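Working notes, beginning with the structure itself.
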């Protein structure tokens, strides 16, 4: 079980009246097509699913392939959130490894 | 305007019941769609159809020329009512389907991430809204770094 | 525009070289000339922003760069650098004991001419000298812990202007002149010099990327390059650039690259330190 791979930040956009959430996951997102220095294929190792919840209710869930960049970055707008609310994100990869993180919206 | 917001409310009601788009969080990973080598096969695998309706209500913000093809930032925003999912496909990647985000209505109409583009390619964004697949495209140039990039 | 076309143009001497290529110009004259050149070339860019190179002059590149800077990719290494810098050696001494002001806020004074040894001292060189004096093995000069430590030291100097001096000593001037000669030296299969790309063709495209100005480039090191996937030193970048034009590079911290860094940094005087930084 991976740990500490998820960083989440939120900021409230006054003008748009929404929270902007930015996150980054520490993950190699190997496509399985890349060769290492020795010329060997590096096996595919990538996040397949991502779930994001706001106070336990789904914000989105996603299915990913290998074309999401290494150390995947996600940014999205979240409507109807307020200070004190919980925001969580969780990923699962093709090796059945996973990690999750939760923050309190400021 | 009034009609659209009523429609939105009805759809919101449906979605709040726990089913969003055509997949819930426990649905199996769409292996066939991700393995597909053409846009048509990827769309059929993901949605059961490859019929797309081009839409101006989808905005794609991405560089015209990507400095680093491995990390191309892309932001999508849409005003289409009844938003169910946002899908990214990279037309000239070996496997065009990159990701699908199944959205709840509380979320957002703006989503950004970074994609890998194997070479200069159009990125196709497919938004499923109200049961219809809408699309927008943006060409992005990717070059090999000229100075040992 | 293909690489071959540029190489051919340059080889035929059609480059728009209007430079004071004569080695006889003084450092002060060179400094005045180069500042004027870039400020004329990019009148809308603030002087200190010239160090951002392509990100100051191209909106497209700026989008990618700002996206990457949302979560600066060098954060972890910077944090590690602080820990490494503060951790005592086996003998109980720390890096601070080797440097003025305990090593804090001094990055902008490097490299400098050391009268006692007659050498150009770069930060990396002094870090390894410090280690050796205290019974520790030297660090790799391109990346890893060296880059992490210099990242931290640069970070403590953020915002301070480069302050390189050429003392009234013929040896110092000789180092400066060596650096200048190397800067204008054509190398590699493509037969290009630093000056060709960063002065003559600045702002134009070399295949994809736009060529950044020479001014103040060292101020943004160590640099997290997307291509490297980690922080790297200036001398590693010199090597990479030369390899890219199919040339044979000098070694990191060789006299040649120390001279080059001295020359380049002096011409960047006034540009504020912004290390560690990120780039494609």
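Distance distribution note for chain C: the fraction of Cα pairs above 30 angstrom is 27%. Shape of chain A from its Cα gyration tensor (a ≥ b ≥ c, root eigenvalues): rounded if a/c is under 1.5, otherwise prolate when a/b > b/c, or oblate? Prolate, because a/c is 1.5 or more and a/b exceeds b/c.
Rg/Rh for the stretch C:22-145 stands at 1.06; both radii use Cα atoms, and Rh follows the Kirkwood definition. In terms of overall dimensions, the stretch A:24-81 has a Cα radius of gyration and Dmax of 14.9, 51 angstrom.
Dividing the summed helix terms, -39500 (n - 2.57) for each DSSP H run of n ≥ 4, by the number of residues in chain C produces a 222 nm estimate of -12000 deg cm²/dmol to the nearest 500.
The rule of thumb for compact globular proteins, 2.2 N^0.38 Å, goes into the C-alpha radius of gyration of the stretch C:137-273 1.05 times.
Stretched out straight at 0.36 nm per residue, the stretch from residue C:86 to residue C:243 would grow longer than its current Cα-Cα span by 53.0 nm.
Once you have a ≥ b ≥ c as the square roots of the Cα gyration tensor eigenvalues for the stretch B:30-80, tell me rounded if a/c is under 1.5, and otherwise prolate or oblate according to whether a/b is larger than b/c. Judged from the Cα gyration tensor, the stretch B:30-80 comes out oblate (a/c at least 1.5, b/c at or above a/b). Along its principal axes, the protein assembly as shown has C-alpha extents of 83, 60, 49 angstrom, given from the largest down. The residues C:42, A:60, when put in order of fewest to most other Cβ atoms within 10 Å, stand as C:42, A:60. When each of the peptides C:126-132, A:29-35 is scored by the mean number of other C-beta atoms lying within 10 Å of its residues, the order from highest to lowest reads C:126-132, A:29-35. Centre-to-centre, using Cα atoms only, the stretch C:92-115 and the stretch C:217-264 are separated by 21 Å.
Ranked by the mean number of other Cβ atoms within 10 Å of their residues, highest first, the peptides A:66-72, A:89-95 come out as A:66-72, A:89-95. Ranked by how many other Cβ atoms sit within 10 Å of their own Cβ, fewest first, the residues C:98, C:194 fall in the order C:98, C:194.
Just counting partner chain Cβ atoms within 10 Å, what average do the residues of peptide B:70-78 show around their Cβ?
Shielding by partners across B:70-78 averages 5.
Which of these, C:80, C:258, C:46, has the largest mean-square fluctuation under a Gaussian network model of chain C (Cα springs below 10 Å)? Among C:80, C:258, C:46, the largest mean-square fluctuation in the Gaussian network model of chain C belongs to C:46. Here the scattering of the stretch C:214-280 is modelled by Debye summation over its C-alpha atoms, one equal scatterer each and no solvent; at q = 0.14 Å⁻¹ the log10 of I(q)/I(0) is -0.41. Taken residue by residue and averaged, Cβ atoms of other chains lying within 10 Å of the Cβ of B:86-98 number 3. Bridges between two residues of the stretch C:121-280, per DSSP, are antiparallel at a rate of about 70%.
If we sort C:24-36, B:30-42, C:229-241 on the protection proxy, mean other Cβ atoms within 10 Å, highest first, what's the order?
My ranking of the peptides, most packed first, is C:229-241, B:30-42, C:24-36.
As a proxy for reagent exposure, ranking C:69, B:75 by other Cβ atoms within 10 Å from fewest up yields C:69, B:75. The spacing between the stretch C:125-150 and the stretch B:29-95, judged by their C-alpha centroids, is 47 Å.
Just counting partner chain Cβ atoms within 10 Å, what average do the residues of peptide B:56-67 show around their Cβ? Don't skip to the end; give the middle numbers.
Numbers: counts 0, 0, 0, 0, 0, 1, 4, 9, 3, 9, 6, 17.
Rounded to a whole number, the mean comes out at 4.
Only the coordinates and a few stated rules stand behind these numbers; no lab work does. From a predicted model like this one, the values you see are computed outputs, not experimental measurements. Quick reminder, even Gly has a Cβ in these numbers, built from the backbone with ideal geometry, and neighbours come from all protein chains shown.
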